[in-house]
Amino acid sequence: MRQSKILSYIILACTVFFNGTASASVSMDLQQYIREILLNNHSLRSAVKSVEAGYYSVLAAVGNQRTQVGASAGFNWISKTPDKSGYTSGNVMLSLTQAIDIAGGIFTLDQQQNILGYEISRAQFNANVNSLIATAEETWWSAVLARENVKLQREILLQRSENHRVTLEKYNQELVPRLDVVRSEAQVVAAETTAKNAETTYQNLLANLSFLVGGLDIEPINEDLRVPEFDVEVNYEEALQYRPDVIAARLTVDRANIVKKLTAKGLSPTLNFSLAVTPWSDPSTSTTPNSHEVMAGFNFSLPIFDGNKTKYSVMNYDRLVQAAEANLLSLHEQTRLDIALALNNWKDASASEQDKKRQVERSEEELRITELMYAEGMGAQIDLINAQTAYQSVRTEYLDSIKNMYVALVDLRRALGVYSPDENGDWNEAKMLYKKGNDVIGETGLKTLRKDSK
């Protein structure tokens, strides 16, 4: 009886540990969780600001193409000398300069390569969002299945505790040997260890969920576990069109070609226009132009030889163009591979779920019969232990198969770029899955980026 009480205390402690930890968390569904990530993930917020900074960097980079206006004022005093008395002078000047693109398209090419640099960073940001949300959903389903596993292992612990109680009673009645008691107790201890390990795994996954959401302690809402259905439309050509890392690679090729053209104009002539006005100076001739005069002029420069700098720079960017093109083709094949692997994993997990489901049904029936026969003294304990072990294994494998189905779907959506924002601030399929649109994207700052980019 003392051992039965100890086992009851162990089960109670596990229950308190599990429920007590979860009670301090906020319960939410997947839709709410993704929304919280979009709003509160610190890495995402940092990336948003970095992309915004890149936009203003583009505006600053083309500033040298715009008209420059300046004003200056000066005052001088010269001390008294043996042959002259000291005197002062002062002036106020206004200036205007404007660079003129006479080489044909240098300014345009420079603007294009800067804008494409920003577009590349934005596409890379979208790729990070695609990866982040996919990781978050995969972690979510892993946590949901880990919680189911905790329930399963606690259920198995209760079963084995009950079997141990029956074995103790039979031993006290001298119906079974001491060895049966030792075996049943070992089964309970093993189940207890497995249950604690399952709870630790679940708590670790909750910690990962909390990290992704910016530190808020959350847990998936309690709802019936369902087997996922295949609800993704697979289109390789659309994946190449919308997958953000492919978009970034495509833009990188465009930018490399433009930079190559821009570099080829390294020996182009330059022309600058300047205008200066001196509203006041004293003495009136102490400045150029003199007081109340205007001076306008053009400065023309023609490079003749730059030590082959332009030649070799063009060769450098030509190789960078080739590297960018090869990288784009590699990503095309990577997309094809990612889609194929995800589809294969889905088929494997789906078939495994069907197989394990049938095995669970047979194992449950076998365990029920074996427990009944052992309780009635008609079966051997080793048969009971084997049935318990098989039941635990197949139930765990069934949960793993369901998790693998969810993971395969997430991998497939990630390969298709489903989780990334599209160009108008909406989601692709994720809008349908999570009922998210411009309102959520706007709260992350992405709507501002779309507005600025126009």
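The values are calculated or read from the model by the stated rules, or taken from the named source; none is laboratory data. Just so you know, these numbers come straight off a predicted model, no measurement behind them. Glycine also receives a Cβ, built like all others from the backbone with ideal geometry; neighbour counts cover every protein chain displayed. Calculation scope for accessible area: heavy atoms of the full protein, side chains included, ligands and nucleic acids excluded. Shrake-Rupley method; radii C 1.70, N 1.55, O 1.52, S 1.80 Å.
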Filter on K196/K357; K49/K265; K49/K196 - keep pairs with C-alpha separation over 31 Å: K49/K265; K49/K196
Taking GluC sites (Glu not before Pro) as exposed when DSSP calls them loop (any state but H, G, I, E, B) and at most 16 other Cβ atoms lie within 10 Å, what is the longest stretch of the chain free of them, the sites themselves excluded? 1-173
Here FRET efficiency (C-beta to C-beta, R358 to L59, R₀ 60 Å, nearest 0.05) is 0.40
Over its alpha-carbon atoms, the chain yields an Rg and a Dmax in Å of 36.6, 134
Amide H of E219: which non-local residues (sequence gap of 5 or more, or other chain) have their own amide H closer than 5 Å, using H built in the peptide plane? V26, S27, M28
How large is the translational diffusion coefficient of segment 258-377 in µm² per second when you combine the Kirkwood radius over alpha carbon pairs with Stokes-Einstein at 25 °C and 0.890 mPa s? 104 µm²/s
Between H292 and A264, what is 0.36 nm times their sequence separation minus the Cα-Cα distance? Round to one decimal in nm. 5.7 nm
Within the accessible area of the chain (1.4 Å probe), percent carbon and sulfur: 54 percent
Qualifying chymotrypsin sites (Phe, Trp or Tyr not before Pro) for segment 239-335 [loop in DSSP, other Cβ within 10 Å: at most 10]: F305
So, counting K/R as plus one and D/E as minus one, what does the shell of residues with Cβ under 13 Å around V314 add up to? +4
Roughly how many Å² is the accessible area per residue of the chain, as a whole number, for a 1.4 Å probe? 54 Å²
So if I take the centroid of the Cα atoms in segment 128-205 and the same for segment 216-250, what is the distance between those two points in Å? 32 Å
Once every DSSP H run of n ≥ 4 in the chain is given -39500 (n - 2.57) and the sum is divided by its residues, what mean residue ellipticity at 222 nm do you get, rounded to the nearest 500 deg cm²/dmol? -24000 deg cm²/dmol
For segment 333-375, take every pair of Cα atoms, bin their distances at 10 Å starting from 0, and report each bin as a whole percent. 26, 25, 20, 15, 10, 4, 0
